[in-house]
Amino acid sequence: VPNGINPDEGDRAAVALERLQAPNPPTIFGRGWYHISNVYFALLATSMKWFGTNYAGARVLGALSGTASLAVLMLVGIRNFGWFAGLAAGGLYALWGAGLMFSRENTEAGPTALLWTVAAGLLLEAARSNRLIAWIGAAVAGGLSIYFYPAGRVFLAFDLFVAAVLVLRVGRGLRRRVLAAATAGLVAYVVTVTPFFAAMRREPGEFTVRAQETTIFRRSNLSRLSYLRPEWSTPRVIAAQLERSFGLFNRFGDANFFWPVDRPAATAGLSAAFFMGLIVAIWRLRDVRLFLLLTWFATGFAGIVFTVETPALQRLSCAVSAVPLIAALALDEIRRRFAGADGGRAVPGVIASAAVLAIAACEGHQFFVKEGARDLWPYPNREGRAVASLGRDVWAFSLGDMFHMIQSGWVDLLAHETPRRGIRTPGSYLPVPLEPDRDLAFVVYPRQFFFLPYLRDLYPAGEVRPFALDPRTPVVTVYRVPREAWSATRGAVRRAAAGTPETVSSFGEMPVGASGERFRWSARVRIARSWNYVFVTGGGQGRLSVDGRELDRVPGGERESTSSVFLPRGDHAVRLEAAAGARDTRPFLLLGEADPGGSREAWRAAARPIARSALEATEAPARGLLGRFEF
């Protein structure tokens, strides 16, 4: 398959991964990412659980849906239009590049295409035999599409129109039976979609929100179409939309990045066959089979015509499998006409079959060889693979206004095993107050190179590694700090009266064999929230200061002392001075919250040694603004 993942694939997979990881995931009938029902994300999560929590596992659901669509399309073609039309439609669909994208990409459009193919096939069966099971099956399949791609919400209009035409078309003797069967199908549709609309009661407007965001009938949306002029009337706008939409097959590339190859959705042979097939179907519109086929295609095609980002291939999801069937009908028509001219069937059949194989081979070569040799979404894929290259033994962080990018769906999917977080306010959070059990890696985006000197100041031992598409297109720059260098910054600095400073893991940690000698421990202590705190010092005569102000002094003869102070959120310079005594009088420092209404004894009982992850080993004073104000 072609290289690279569409960023939207990652966003969908991220929601599914959250469902797998959450102990109580959201209701299956609620709304997930981008106004799509959680029914789809629950199915995607189940597929990824079975086939892998990576981009390949995420694509299996779409691949299975596409394979089933192909099988159903061939059955529909064979049953309604003959063996040649059915097999030709399958051969074209199997290698049609744009059609394969619905199977290749992790998208809700793939299951939507399958459900509409099933529904259209069953409606054709209902037109043939008026079987009750066909009407009900079509309604259920079409109703289920409402839980996937938003275009599936128009199925009711398609079903009612087809039912009305079929009821009016049959004689009076059969009209009542057809109406009864169609009504049963309508009841089945209502039952199928009831959970969707029940969930929508909690989210008013959810049914139409995507239409409002994309419809051409809202002037505010038309600004997204560069080829339209403000003075055009609505009919002129629709005419331009029809031109661009039909041009998807022979003139224009996909404008919505679902098919990002800068060429039409079909090669010359397939587009010619498709347009000839449309002419054949329109010319013989009295044939109820062709009428249903054209109605099916027109309903799905309207999703391109009446929305912006024209032409948007993904919005053809409801009718994507109708395209190769329409093209196959044209080739079948030519085969039958030549067979009728000379009375022989073998030669026209061979020629028509060769034409199908040639068109399919051309499509397959274009898709698997030409497009498959390059990354279709190079920039986001380079970003995701850059983060993935950091490995598992790292904490990867993005910073500032790009804090969310490292948690974006495509990065999550490509670098799912890399621990990642975003830091919205680096000045408030850095240095990171975590246990130094792995490397640190800061992912800096092109607009953020000003962060590199700041990171070098905090972590001098880091290395810079750029990731780019080419020398002129940087993607991200990673500043990686080895675990050993990061670990050396955590803890407290211990200094004897005469001696060099050394880093220890906590306040009061003494060298082996020390006795009677005075030591000083210094560190910045991370305070997570502005609150009242209690410090407990003990172990003999000592002195405690916070931000350069003496807070407590333990006189000789007393074992410990407790004092409380209000501290604003941030890092505070704490210094403890004490002498090494006997084992049971070693210096210590405890910290706890002083909750209002509590006693000093309760505060003392709740105090604990300060975790190493909250300590920055430095003798420098606290940085930034520090003061007290009252109002």
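The values are calculated or read from the model by the stated rules, or taken from the named source; none is laboratory data. Predicted model only: the values in this text are computed from it and were never measured. Counting neighbours? That spans all protein chains shown, and the Cβs are built from the backbone with ideal geometry, glycine included. Only protein heavy atoms, including side chains, enter the accessible area calculation; ligands, DNA and RNA are left aside. Shrake-Rupley method; radii C 1.70, N 1.55, O 1.52, S 1.80 Å.
Summary table below
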read-out: Residue in segment 151-159 that is open to solvent by 40 Å² or more (accessible area, probe 1.4 Å), more than 27 Å from Tyr40 (Cα to Cα), in a helix (DSSP H, G or I) and small (Gly, Ala, Ser) present; value: no
read-out: Selection status of Phe519, closer than 30 Å to Ala578 by Cα, crowded, with 20+ Cβ neighbours inside 10 Å and not basic (Lys, Arg); value: yes
read-out: Selection status of Arg175, among the basic types (Lys, Arg) and more than 30 Å from Ala127 (Cα to Cα); value: no
read-out: Residue tally, condition under 23 Å from Met200 (Cα atoms) and in contact (Cβ under 8 Å) with a residue 40 or more places away in the chain, over segment 35-54; value: 7
read-out: Selection from segment 122-140 of residues that are crowded, with 24+ Cβ neighbours inside 10 Å and touching a residue at least 24 places away in the same chain (Cβ under 8 Å); value: Leu123, Ala126, Trp135, Ala138, Ala139
read-out: Of residues in segment 45-68 being polar (S, T, N, Q) and surrounded by fewer than 20 Cβ atoms within 10 Å (Cβ to Cβ), the one farthest from the chain's Cα centre (by Cα); value: Thr67
read-out: Helices (runs of 4 or more DSSP H) within segment 173-253 that include 3 or more residues more than 21 Å from Tyr34 (Cα to Cα), touching a residue at least 24 places away in the same chain (Cβ under 8 Å) and not β-branched (Val, Ile, Thr); value: 234-246
read-out: Test: residue in segment 19-34 that is among the β-branched types (Val, Ile, Thr) and either in contact with a Ser or Thr (Cβ under 8 Å, 6 or more places away or on another chain) or farther than 30 Å from Val288 by Cβ (or both); value: yes
read-out: Segment 219-257 - residue that is among the basic types (Lys, Arg) and farther than 29 Å from Trp377 by Cβ and, of those, modelled with the lowest pLDDT; value: Arg219
read-out: Some residue of segment 264-284 being in a loop (DSSP other than H, G, I, E, B) and out of contact with any helix residue (DSSP H, G or I) (no Cβ under 7 Å at 6 or more places or on another chain); value: no
read-out: Selection from segment 327-370 of residues that are surrounded by 21 or more Cβ atoms within 10 Å (Cβ to Cβ) and under 30 Å from Asn3 (Cα atoms); value: Ala327, Ala328, Val356, Ile359, Ala360, Glu363, Phe367
read-out: Residue satisfying all of: in segment 561-585; modelled with pLDDT of 80 or more and open to solvent by 60 Å² or more (accessible area, probe 1.4 Å); nearest to Pro431 (Cα to Cα) among these; value: Arg569
read-out: Count of segment 21-41 residues which are part of a helix (DSSP H, G or I) and more than 14 Å from the chain's Cα centre (by Cα); value: 2
read-out: Ser428, sole failed condition from (1) surrounded by fewer than 17 Cβ atoms within 10 Å (Cβ to Cβ); (2) more than 30 Å from His572 (Cβ to Cβ); (3) in contact with a strand residue (DSSP E or B) (Cβ under 9 Å, 6 or more places away or on another chain); (4) not acidic (Asp, Glu); value: (2)
read-out: Residue that is farthest from Phe442 (Cα to Cα) [pool: residues in segment 408-425 that are open to solvent by less than 40 Å² (accessible area, probe 1.4 Å) and of a type outside the set (A, V, I, L, M, F, W, C)]; value: Gly409
read-out: Boolean, Thr112 is outside any helix (DSSP H, G or I), of a type in the set (Val, Ile, Thr) and touching a residue at least 12 places away in the same chain (Cβ under 8 Å); value: no
read-out: Complete set of residues in segment 16-44 that are more than 17 Å from Thr112 (Cα to Cα) and open to solvent by less than 30 Å² (accessible area, probe 1.4 Å); value: Ala16, Leu17, Gly30
read-out: Qualifying positions in segment 197-248 - surrounded by 13 or more Cβ atoms within 10 Å (Cβ to Cβ) and either touching a Pro at 6+ places or on another chain (Cβ under 6 Å) or of a type in the set (Lys, Arg) (or both); value: Arg210, Arg224, Arg244, Ser245, Leu248
read-out: Some residue of segment 380-389 being open to solvent by 10 Å² or more (accessible area, probe 1.4 Å), out of contact with any Lys or Arg (no Cβ under 6 Å at 6 or more places or on another chain) and more than 22 Å from Asp8 (Cβ to Cβ); value: yes
read-out: Residue that is most open to solvent (accessible area, probe 1.4 Å) [pool: residues in segment 442-457 that are assigned to a helix (DSSP H, G or I) and not aromatic (Phe, Trp, Tyr)]; value: Arg447
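Rundown of residues vs (1) crowded, with 21+ Cβ neighbours inside 10 Å; (2) free of Cβ contacts under 8 Å to residues at least 40 places away in the same chain; (3) out of contact with any Phe, Trp or Tyr (no Cβ under 9 Å at 6 or more places or on another chain), yes/no style:
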position: Leu75; (1), (2), (3): no, no, yes
position: Tyr93; (1), (2), (3): yes, no, yes
position: Ser103; (1), (2), (3): yes, no, yes
position: Trp116; (1), (2), (3): yes, no, no
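For (1) in a helix (DSSP H, G or I); (2) closer than 18 Å to Ala109 by Cα, each residue gets a yes or a no:
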site: Arg12; (1), (2): yes, yes
site: Arg19; (1), (2): yes, no
site: Leu44; (1), (2): yes, yes
site: Met48; (1), (2): yes, yes
site: Thr53; (1), (2): no, no
site: Ala58; (1), (2): yes, yes
site: Asn80; (1), (2): yes, no
site: Phe84; (1), (2): yes, no
